[in-house]
Amino acid sequence: MLRPLLPVAFVAGPVAGCATLTPAQQERNNALWTAARSCENGSLTVVRLSNEGVPYTQTVNSSGNEFAPFEQCYREKAAPIWRAYCGAEPAGPQCRR
């Protein structure tokens, strides 16, 4: 089952028509990928990260109990990454204005 993480409070919506990432967005996503991978547990694995920084997960033969701990871990680890990104790029599409 492929399941996207519910949007983090910092995510306002998808990037409109932007297929490539700026260097700042790429750096943010690299850090978010590392954070997401460090939160994997049980059979839950991160399979990809959207351009907007949303991780997509997959579980195999699971009761689904791994998702809540993953989500909590990811939110905690992603929050400082988003703060740093939005501090440097306040006009970023996922940053509150």
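For GLY64, state whether it is within 19 Å of THR20 (Cα to Cα) and surrounded by 11 or more Cβ atoms within 10 Å (Cβ to Cβ). Even if it seems obvious, please write down each step before you answer.
Numbers: within 19 Å of THR20 (Cα to Cα): no; surrounded by 11 or more Cβ atoms within 10 Å (Cβ to Cβ): yes.
Taking the combined requirement at face value, the residue does not satisfy it.
Return yes when ALA84 is open to solvent by less than 30 Å² (accessible area, probe 1.4 Å) and part of a helix (DSSP H, G or I) and no when it is not. Outline the logic, then answer.
Details: open to solvent by less than 30 Å² (accessible area, probe 1.4 Å): no; part of a helix (DSSP H, G or I): yes.
Answer is no for this residue.
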Quiz item: Within segment 47-61, how many residues are under 19 Å from the mean Cα position of the chain (by Cα) and open to solvent by 60 Å² or more (accessible area, probe 1.4 Å)?
Solution: 3
Exercise. Could you grab me the full set of residues in segment 45-69 that are free of Cβ contacts under 8 Å to residues at least 60 places away in the same chain and either of a type in the set (Lys, Arg) or in a helix (DSSP H, G or I) (or both)?
Key: ARG48, ALA68, PRO69
Quiz prompt | Subset of segment 18-59 (residues that are of a type in the set (A, V, I, L, M, F, W, C) and out of contact with any helix residue (DSSP H, G or I) (no Cβ under 7 Å at 6 or more places or on another chain)) | solution = CYS18, ALA19, TRP33, VAL47, VAL54
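If I ask for residues that are open to solvent by 40 Å² or more (accessible area, probe 1.4 Å) and either touching a residue at least 40 places away in the same chain (Cβ under 8 Å) or in a helix (DSSP H, G or I) (or both), which ones from segment 32-44 would you list?
Initial filter on segment 32-44 (open to solvent by 40 Å² or more (accessible area, probe 1.4 Å)): 33-34, 37-38, 40-42.
TRP33, THR34, ARG37, SER38 - these are the residues of segment 32-44 that are open to solvent by 40 Å² or more (accessible area, probe 1.4 Å) and either touching a residue at least 40 places away in the same chain (Cβ under 8 Å) or in a helix (DSSP H, G or I) (or both).
The values are calculated or read from the model by the stated rules, or taken from the named source; none is laboratory data. Everything numeric in this text was worked out from a predicted model, so none of it was measured. As a convention, Cβ positions derive from the backbone with ideal geometry for all residues, glycine included, and neighbour counts pool all protein chains shown. Just so you know, the surface numbers come from the protein's heavy atoms only, side chains and all, with ligands and any DNA or RNA stripped out. Shrake-Rupley method; radii C 1.70, N 1.55, O 1.52, S 1.80 Å.
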